[in-house]
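Data first, discussion second: the structure below is written as structure tokens.
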Amino acid sequence: MPMRSATISLAILATCLGGCNGGAPDAPTKATESSADGARAPDGRRYLAQPLVDEIYTADPSAHVFDGKLYIYPSHDIDAGIADDDLGNQYAMRDYRVLRLDRPGGPVTVGPVALDIKDVPWASQQMWAPDAAYKDGTYYLYFPARDKSKDKNGLGAFRIGVATSKDPMGPFVAEPSYIPGSFSMDPAVFTDDDGASYMYFGGIWGGQLQRWKDGVYDPNGSDTDLMQDDAPAISGKVVRMSADMKHFDGPVRDAVILDEQGKPVKGGDHDRRFFEASWVFKRDGKYYYTYSTGDTHFVNYAIGDNPFGPFTYKGHILAPVQGWTSHHSIVQWNGKWWLFYHDTQLSGKNHLRSVKMTELKFNPDGTIPTIDPFVP
């Protein structure tokens, strides 16, 4: 069954369609049954789940359970009046707000600003999909943003920063510089049973991974991919984190995705190749590497025996949602597994998205039945 989610009145929906960028801090939003209210997509399909909050736009949900409560670290979408393009300029986010649920089906608390780009010394713009981690009494917020350099498009290079707080909802204080050796976007930190933590990151197109193909950033490189359809696809990255959770401990490696023959998935295989949005979880001793395919709009998964991979492709977790992007997280909470994702139900605009959640199931062999974000 889908998670109970926010009631959207016609008045609130009209307000949001006009540009819902603010919202009072710490204002809880009550949830209702997801598909019973009759909300439908433009093509007439009903949604599997409803947005968790409707007072701000939220996307790219990274969910974590701390002390039994669920915290979601999303992007905070705003309308900057920028048209859609393949560089992602329309995604002009400037700060982060944390969401909290004390119990499944309960109210959702929207926290105050947890981190603002004006308080990040090295960053110029675009605070994209973040993640969080906890260790020894400190909460760590990992976030990508463009630095202050200029490429051929007049835009900075994406780097990954870290900020800390004693409260899971912040406010967080950013380190004065980005993590040394970091690049691209979409950080996701997984902590294994032995306490070791690993960061998975990267994205092609606007995420710039294709510009790091030789290990050095090329500001004049491709805006999309390497345009080598018959070669192994660009891999997302994985690196072990240092004990202080603020540095990389060892080399950055490729998180290679293999096909059923044990060969790397090729660049032209857009239904299976990595695009962005890495997320890793562990179940029954296996490491599930999950990711978005970008322009084909799937959330996929591959399974490995090691946090560094390689990972063997298994299938789609989530079919295409309403809107261009698909970005997710998966956690176990209160005895169930949950998938968090976003779509554009409230706005109809690719850059104004809303976080949702629904239960995730597993087959007896550990594979995952594909979730349709719409119901008949």
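The values are calculated or read from the model by the stated rules, or taken from the named source; none is laboratory data. This is a predicted model, so every value here is computed, not measured. Here the Cβ positions follow ideal geometry from the backbone for every residue, glycine too, while neighbour counts run over all protein chains shown. To get the accessible areas, we keep the full protein, side chains included, count just its heavy atoms, and leave off ligands, DNA and RNA. Shrake-Rupley method; radii C 1.70, N 1.55, O 1.52, S 1.80 Å.
A few remarks follow.
- Highest to lowest packing among 317-323, 250-256, scored as the average C-beta count within 10 Å: 317-323, 250-256
- Each part gets one Cα centre, and for the range 205-234 versus the range 100-154 those centres are 25 Å apart.
- Mean accessible surface per residue for the chain, computed with a 1.4 Å probe while every protein chain stays in place, in Å²: 38
- Rounded to whole numbers, the Karplus 3J(HN,Hα) couplings from phi for the range 149-158 are 6, 10, 9, 5, 9, x, 10, x, 7, 6 Hz, using 6.51 cos²θ - 1.76 cosθ + 1.60 with θ = phi - 60°, and x at Gly and Pro.
- In this structure, the amide hydrogen of TRP337, modeled 1.01 Å from its nitrogen in the peptide plane, lies closer than 5 angstrom to those of LEU360, counting only residues at least 5 positions away or on a different chain.
- Annotation: amide H-H contacts under 5 Å for TYR134 (H modelled 1.01 Å from N, sequence separation of 5 or more, or interchain): TYR140.
- Here's the picture: a label point sits 7 Å out from the Cα of ASP259 along the beta-carbon direction, and within the range 272-296 the residues with their amide nitrogen under 15 Å of it are 272-274.
- Along the range 125-141 the Karplus relation, 6.51 cos²θ - 1.76 cosθ + 1.60 evaluated at θ = phi - 60°, assigns HN-Hα couplings of 5, 6, 8, 8, 4, x, 8, 9, 8, 9, 7, 6, x, 10, 9, 10, 10 Hz to successive residues, with x for each Gly and Pro.
- If the chain linking ASN306 and VAL375 were pulled fully straight, counting 0.36 nm for each residue of separation and taking away their Cα-Cα distance, it would gain 21.3 nm.
- Lysine-lysine proximity count for the range 165-271, Cα under 20 Å, sequence distance 8 or more or distinct chains: 7
- Share of carbon and sulfur in the accessible area of the chain stands at 51%, probe radius 1.4 Å.
- Rounded if a/c under 1.5, otherwise prolate or oblate - the chain, Cα gyration tensor axes: rounded
- Between the alpha-carbon centres of the range 315-376 and the range 155-197 there is a gap of 24 Å.
- Prolate/oblate/rounded label for the range 32-158 (Cα gyration tensor, a/c 1.5): oblate
- Label-point gap, in nm, between TRP122 and PHE248 - each point 7 angstrom along Cα→Cβ: 1.2
- DSSP beta bridges fully contained in the range 275-376 are about 95 percent antiparallel.
- Amide H contacts under 5 Å for THR58, placed H, 5+ residues apart: ASP77, ARG353, SER354, VAL355
- Gyration tensor (alpha-carbon) shape descriptor, the range 199-351, a/c threshold 1.5: rounded
- Taking θ as phi - 60° and the Karplus parameters 6.51, -1.76 and 1.60, the scalar couplings of the range 322-327 work out to 6, x, 6, 8, 9, 8 Hz in sequence order, x denoting glycine and proline.
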